[in-house]
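Just so it is clear, none of the values below were taken in a lab; they were calculated from the coordinates. Bear in mind the structure is a predicted one, so any value in this text is a computation, not a measurement. Here the Cβ positions follow ideal geometry from the backbone for every residue, glycine too, while neighbour counts run over all protein chains shown.
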Amino acid sequence: MNHVIEVENLTKIYGRPGAGVLAVDHLNFEVRQGEIFGFLGPNGAGKTTTQRMLTTLLEPSEGRILIHGHELAHDAYPAKRMIGLVPEESNVYTELTAWDNLMFTASLYRVPRAERAARAQELLETFGLWEKRDVKAENFSKGMRRRLSIAMAIIHKPALLFLDEPTPGLDAQSIRSIWELIRRMNAEGTTIFLSTHQIEEANQLCERVAIISHGKVAAIDTPERLKANFRRVQSVEVAFEGEMAEKSPGLESLPGVTTQAKVGDKIRLYTEDPSALLSRLIQYAESHALRVVSLNTLGPSLEDVFLEITGGQVGAVGNGSQEDKPAKRGMGGRK
Ligand SMILES: Nc1ncnc2c1ncn2[C@@H]1O[C@H](COP(=O)(O)OP(=O)(O)OP(=O)(O)O)[C@@H](O)[C@H]1O
Ligand SMILES: [Mg+2]
């Protein structure tokens, strides 16, 4: 297996050893050539700290990083040339136009002078910013600024692109368009290291995901295999219509229900035996004069896995995203 990134015992302590903050705690992982690798963790988990070390912006307290076989501590230059970085905080120069931002970045990355204009045009067109090329970035929306920031990070055609939370605060359409760009760059051969706390983003984009919690890798696998390891976290989601639909008393105490959560207008009941619960739910609806408007069984979502691993409580999902498609057994729809 060809590894683009290899990390051994990577550790960062901010402040004095012994009295400082242990932000990254002996991480070990590899990123494979050509994959979209997700680094998924809650706020403060150590994502940005790790990414800053991987991109030479921060010195590790301990451990080793190899980028394409070059050890960063001794041989950073070849690694730097093949890396692109979209940082957490915008690095766009707001007083410059989109065009000038790209030309300036191209000069920093030593893109040959003769190639800069063509490359800038290509990127502005791809990122939907060509019409706005002469507008100062201070007049850009957050989504446009984010796209410009990604364009700047790839002006020198890096083989390895780091993105630190590329989509928070953006609307659904902007998020989709950034996901599409990430997929396209990956399809064209760029290996992607994506930090995110958005589970759905990792689920949608990543071939493998490391779940990071308190500076440690708690699990690392494909989203589907992570979910498969949590088969016991199954659930049935039901929506009722009728006078008592809002209250649905006693659902939680139906045999086999471990936890109940309200998800939008639906109720999700966690259980180890969805099949048995389905028939009990039908009986429940009949005896309470409720009409079942939808009923689905769900496998564990990446969110369930994430919450279980990072210490959140399964079922305490609130209105969280529901990324799993209903399982085949699902009985969704009006009857
Ligand atoms: N410059 C710093 N000095 C001291 N402590 C820091 C510094 N930067 C980060 N930390 C601490 O290190 C830990 C990890 O922070 P980091 O920014 O890497 O987390 P993160 O996973 O990127 O979080 P977020 O999702 O909020 O961006 C946190 O406890 C944080 O308070
Ligand atoms: Mg961060």
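Observations
- On the basis of the beta-carbon distance and an R0 of 45 Å, Glu252 and Arg183 show a calculated FRET efficiency of 0.65.
- Nitroxide proxy distance, nm - points 7 Å out along Cα→Cβ at Glu88 and Phe104: 2.3 nm
- With kT/(6 pi eta Rh) evaluated at 4 °C and eta = 1.567 mPa s, and Rh the Kirkwood radius from Cα pairs, the range 3-221 diffuses with a coefficient of 73 µm²/s according to Stokes-Einstein.
- Contact order, relative form, for the chain: 18 percent (alpha carbon pairs under 8 Å, 6 or more residues apart, mean separation divided by residue count).
- Applying 0.36 nm per residue to the separation of Ala276 and Gln173 and subtracting their alpha-carbon distance, the gain on full extension is 33.1 nm.
- With Cα atoms, 0 to 90° folded angle of helix 113-126 axis to the chain main axis: 20 degrees
- FRET efficiency for Glu138 and Lys80, using Cβ-Cβ distance with R0 set to 35 Å, rounded to 0.05: 0.75
- Full extension of the chain segment joining Glu286 with Thr126 gains 52.0 nm, where the gain is 0.36 nm per residue of separation less the Cα-Cα distance.
- Residue-count net charge about Ile175 - beta-carbon cut-off 11 Å; Lys, Arg +1, Asp, Glu -1: -2
- Distance-filtered residues of the range 25-39 - backbone nitrogen under 16 Å, label point 7 angstrom along Ser61 Cα→Cβ: 25-28
- Projected label distance in nm at Asp265 and Glu71, using a 7 Å step from Cα toward the beta-carbon: 6.2 nm
- Cut-off 10 Å between beta-carbons: net charge of the residues surrounding Arg52, Lys and Arg +1, Asp and Glu -1: -1
- Remark: spin-label model distance Val21-Arg231 equals 4.2 nm, labels positioned 7 Å along the Cα→Cβ axis.
- Contact order, relative form, for the range 148-229: 24 percent (alpha carbon pairs under 8 Å, 6 or more residues apart, mean separation divided by residue count).
- Sequence-distant residues sharing a close amide H with Lys12 (under 5 Å, placed H): Ala23, Val24, Asp25, His26, Ser61
- Summing charges over all other residues whose Cβ lies under 13 Å from the Cβ of Ala118, with Lys and Arg as +1 and Asp and Glu as -1, gives +1.
- DSSP bridge pairs, the chain: antiparallel proportion in percent, nearest 5: 70 percent
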